[in-house]
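Trainee: Mind looking over this structure? Questions follow.
Just so it is clear, none of the values below were taken in a lab; they were calculated from the coordinates. Quick caveat: nothing in here was measured; it's all calculated off a predicted structure. Glycine also receives a Cβ, built like all others from the backbone with ideal geometry; neighbour counts cover every protein chain displayed.
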2 protein chains.
Amino acid sequence: MRRCIKCKGEPAIDLKSNNTAFCKEHFIEYFLRQVARAIKKYNMFSSDERILVAVSGGKDSMALWDALLSLGYNADGLHVDLGIGEYSTGSRRICENFAASRGARLYILSLEDMYGTNMREIVRRTRRVSCSVCGTVKRYLMNLVVQQKGYRVVATGHNLDDETAALLGNLFGWQEGYLARQYPHLPSTHARLPAKVKPLVRLGELETETYCRLKGIDFLADDCPLARGATSLAYKELINSLEEKMPGTKQRFLFGFWDRGRRNFTDTPVELKECSLCGQPTTAGTCLFCRLMQKAGLDPLIQPQVQEM
Amino acid sequence: MRRCIKCKGEPAIDLKSNNTAFCKEHFIEYFLRQVARAIKKYNMFSSDERILVAVSGGKDSMALWDALLSLGYNADGLHVDLGIGEYSTGSRRICENFAASRGARLYILSLEDMYGTNMREIVRRTRRVSCSVCGTVKRYLMNLVVQQKGYRVVATGHNLDDETAALLGNLFGWQEGYLARQYPHLPSTHARLPAKVKPLVRLGELETETYCRLKGIDFLADDCPLARGATSLAYKELINSLEEKMPGTKQRFLFGFWDRGRRNFTDTPVELKECSLCGQPTTAGTCLFCRLMQKAGLDPLIQPQVQEM
């Protein structure tokens, strides 16, 4: 393995995509610089803004939370406890420990506490694709916390690999609306909805994992037990095999999309109305969350019991 | 293997992408119907037009030539003998035998006869990517034959796999101009240039090979010895692994591009001038063919010696 490009010291990571290697210290510096660069390039937020970070306990969201704090941002965490056995207890403990050790604020919402059930059961009862149900529920609850606690920006840990796989999926289906909306910074479209930002888009899974390892940040390495066989995994495998042959492919593909490709797709703006049940912004008469909860025999109007620590 | 969907007879091919199987007779019928459908959908040519088919001796161009003749079209062949050892002598013999057996007209151009050298040598001298040099030379010579013999349409054997791989490559590099120009029927852009059509775009490699096998059409199975390691092969592998998991992916991706995706990309029209050396239409002062031939120390102005049989 080649030595650190900055100090010729012991390499901690070799980045084929960038044709370079870094020691521990210079990789952490590089990682934070890439996060700062994405925040600036896509005009994500200012230094005095309060940011809510959606944290699962996995390597990406933990690296993101740590990086934002390290860069001096006012970043609070929000964790949704899905109640999926050890996977969820482990995830939650990791978030709590990190918050405690860093003196950071963490909000926790537990499906078990609020609805007396868990995500596995909700998915089973709705008979829908699990990642889609889980995403809908988490986005909805996050919006409620955003409103209750007065945030205007939500940051998620989507990385280069996630975004590249999503882009490929959107292209394979020629989803023009999704293509137009795939961007690292989506401004708020309604007074009650936050802007959404993805500060890790310049960094891949190898980088986020290495960052956690080098900085001693604990994270849950297991994939979500409900996500097995997701098509996004097939797209990731495919892009990784191409990246292996032609290093830098992911970056060229994704950044080229944002620099040149995306402008070719336009999104038809939709009017947001109030959900007939819960009153939250929706494009339909009754919002997807309320319909899913009803299908699962649960009360969509239960207010979130936010535990704060 | 399931039985023929039409007659429940012995299956000759199982098409997972279409979730169906065919016997020999009904597959040949299906194959010709797909060719006819592409010709009609993309308005390629009328039944009384004279069509020049670029034939390499491989399964795709041989299947195309046979299919056009079987559908009653006036299809003549053009083969360029690249002079690459047994690969070229074998390819040429296959084209000649087919033409003789079907009473079809075949034009042959031999690099050895015209320039006293072969494609391997030209590639070596120009120090360029072989597929790019070979494509430039073949397109140029084809245009000369088109002018000399008065054709207005050239058909090539590009199939579903070729087009899908090319689409993925164009997307990975966000080549907007290439994306706008990737279409099964490109009308003529100059009085001296033919329209270009690809009647096999609805059929994959498995289908063209099976068609040849079932109809007893001889073809050269070897890949071109100069094309080894071409990136298009990496893209093909990758799409095939996805097709394996999600049958029908290629068709959805490519046809979706032509139905919905492609309209988002626009091509900047370029003015065609006359090459300062040969006088053929070009966007540059001296055309790429003349520059390549000069770099290879060959005379670009040698007129094609067309052998007709």
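Trainee: Convert each backbone phi in segment B:280-287 into a coupling constant with the Karplus relation 6.51 cos²θ - 1.76 cosθ + 1.60 (shift: θ = phi - 60°), then list the ³J(HN,Hα) values in order as whole Hz, x for Gly and Pro.
Mentor: After applying 6.51 cos²θ - 1.76 cosθ + 1.60, I find 6, x, 7, 8, 9, x, 10, 6 Hz.
Trainee: Tabulate in residue order the Karplus-calculated ³J(HN,Hα) for segment A:87-101, using 6.51 cos²θ - 1.76 cosθ + 1.60 with θ = phi - 60°, rounded to whole Hz; enter x for Gly and Pro.
Mentor: 4, 6, 5, x, 4, 5, 4, 4, 5, 5, 4, 4, 4, 4, 5
Trainee: Here's something else I'd like to know. When a/c reaches 1.5 or more, the comparison of a/b and b/c decides; with that in mind, is segment B:220-293 rounded, prolate or oblate per its Cα gyration tensor?
Mentor: oblate
Trainee: Cα centroid distance between segment A:237-309 and segment B:106-165, in Å?
Mentor: If we compute the Cα centre of each part, the gap is 48 Å.
Trainee: May I ask you to derive the FRET efficiency for A:Ile5 and B:Arg3 from their Cβ-Cβ distance with R0 = 60 Å, giving the value to the nearest 0.05?
Mentor: After rounding to 0.05, the efficiency reads 0.45.
Trainee: Now for a different question. Step through the residues of segment A:56-68 one at a time and calculate ³J(HN,Hα) from phi using the Karplus curve (6.51 cos²θ - 1.76 cosθ + 1.60, θ = phi - 60°), rounding each to whole Hz and writing x for Gly and Pro.
Mentor: Each residue of segment A:56-68 in turn: 9, x, x, 4, 5, 5, 5, 5, 4, 4, 4, 5, 5 Hz.
Trainee: Among the lysines, select those whose C-alpha is under 24 Å from the C-alpha of A:Lys8, and discard any that sit fewer than 8 residues away in the same chain.
Mentor: Of all the lysines, those that pass the test against A:Lys8 - Cα under 24 Å, at least 8 places apart if same chain - are A:Lys16, A:Lys24, A:Lys215.
Trainee: Continuing with the same structure: Can you list the distances in nanometres, one decimal and ascending, from the B:Ser132 label point to the identical position in each other copy, with the point 7 Å along Cα to Cβ?
Mentor: Inter-copy label distances (nm, one decimal, shortest first): 4.3.
Trainee: Cross-link partners among aspartates and glutamates for A:Lys149, C-alpha distance below 12 Å, same-chain residues fewer than 8 apart left out?
Mentor: Output for A:Lys149: A:Asp76, A:Glu308.
Trainee: For A:Lys41, go 7 angstrom from Cα along the Cα-to-Cβ vector, then report the distances to that same point in the other copies in nm, smallest first.
Mentor: Counterpart label points of A:Lys41 in the remaining copies fall at 3.7 nm.
Trainee: To one decimal in nm, how far is A:Lys8 from the same spot in the other copies, if labels go 7 Å from Cα toward Cβ? Please give the shortest first.
Mentor: Label-point distances to the other copies, shortest first: 8.1 nm.
Trainee: Which residues make up the longest stretch of chain B clear of trypsin sites (Lys or Arg not before Pro) that lie in a DSSP loop with no more than 11 other Cβ atoms within 10 Å, not counting the sites? Intermediate values should be presented prior to the final figure.
Mentor: On the way: sites that count: B:Arg2, B:Lys8, B:Arg127, B:Arg228.
By the stated rule (loop sites, at most 11 other Cβ atoms within 10 Å), B:9-126.
Trainee: Now, a different point. To the nearest 20 debye, what is the magnitude of the charge dipole of the protein assembly as shown about its Cα centre, counting +1 on the Cβ of each Lys and Arg and -1 on the Cβ of each Asp and Glu?
Mentor: Here the size comes out at about 780 debye.
Trainee: Sort segment A:42-308 into rounded, prolate or oblate with this rule: let a ≥ b ≥ c be the square roots of the eigenvalues of the Cα gyration tensor; rounded if a/c is under 1.5, and if a/c is not under 1.5, prolate when a/b is larger than b/c, oblate otherwise.
Mentor: Rounded is the answer for segment A:42-308, as its axis ratio a/c remains below 1.5.
Trainee: Answer with one residue from A:Ala67, A:Leu272, A:Asn118: the one whose Cα lies farthest towards the positive end of the charge dipole of the protein assembly as shown, charges on Cβ with Lys, Arg +1 and Asp, Glu -1.
Mentor: A:Leu272
Trainee: Could you sort out which of A:Lys245/B:Lys59; B:Lys40/B:Lys196; B:Lys41/B:Lys236; B:Lys40/B:Lys236; A:Lys6/A:Lys41; A:Lys198/A:Lys295 sit more than 22 Å apart by Cα distance in this structure?
Mentor: Pairs exceeding the cut-off: A:Lys245/B:Lys59; B:Lys41/B:Lys236; B:Lys40/B:Lys236; A:Lys6/A:Lys41; A:Lys198/A:Lys295.
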